[in-house]
Amino acid sequence: MIGKLDDYMRFNETALSLRSQRQELLASNIANADTPNYKARDIDFASALKGALAGGGNAGALATTDTSHMARGKATGDTLANGTPVLYRGVSQGSVDGNTVDMDVERNQFADNALRYEAGIMMINSQIKGLLAAIQGQ
């Protein structure tokens, strides 16, 4: 019974966890917008979610969606806690100090991710309400 409940909630739980970790990366990018030689980082959310659901976050199974947008991180320890590789954003407009953070892109990604996180919370609330209604026989 518990296994079926876990399976029922697994997708949204995994998605929220990845969204939370992505939000931290985006916040770090924004915080380091003026740091010389800082490279903007992100994850490929769709591939990370597929990998997390298929094999518990197997980093070897993940691939970038478009090589012109992101390249794999070069550092060997450049992964999230679940094994998802952290990728570097491509440079859209270079800067003299080597920083690749584009504040417009980062703010847009941050807001988009926050909205999707909020939608995920609403989905989990809806699932829980449905379960409670079924338990109470309503």
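Listing 96, 91, 105, 86 from the residue with the fewest other Cβ atoms within 10 Å to the one with the most, what is the order? List each step's numbers first, then the result.
Details: 96 6, 91 13, 105 17, 86 21.
Fewest-to-most ranking of 96, 91, 105, 86: 96, 91, 105, 86.
If I model a spin label at residue 46 and residue 124 as a point 7 Å from the Cα along the Cα→Cβ vector, what separation in nanometres do I get?
A separation of 2.4 nm, rounded to one decimal place.
Sort the following peptides by mean Cβ neighbour count (other Cβ atoms within 10 Å, averaged over residues), highest first: 130-138, 26-34, 107-115. Intermediate results must be reported in sequence, preceding the final value.
Working: 130-138: 8.8, 26-34: 16.2, 107-115: 14.1.
Order by mean packing, descending: 26-34, 107-115, 130-138.
If each residue's Cβ is checked for other Cβ atoms within 10 Å, how do 16, 53 rank with the fewest at the top?
Details: 16 17, 53 13.
Lowest count first: 53, 16.
Laboratory data are not the source of any read-out in this text; all were calculated from the coordinates shown. Predicted model, so just to flag it, every value in this text is computed and none were measured. All Cβ positions, even for glycine, are placed from backbone atoms using ideal geometry, and neighbour counts span all protein chains on display.
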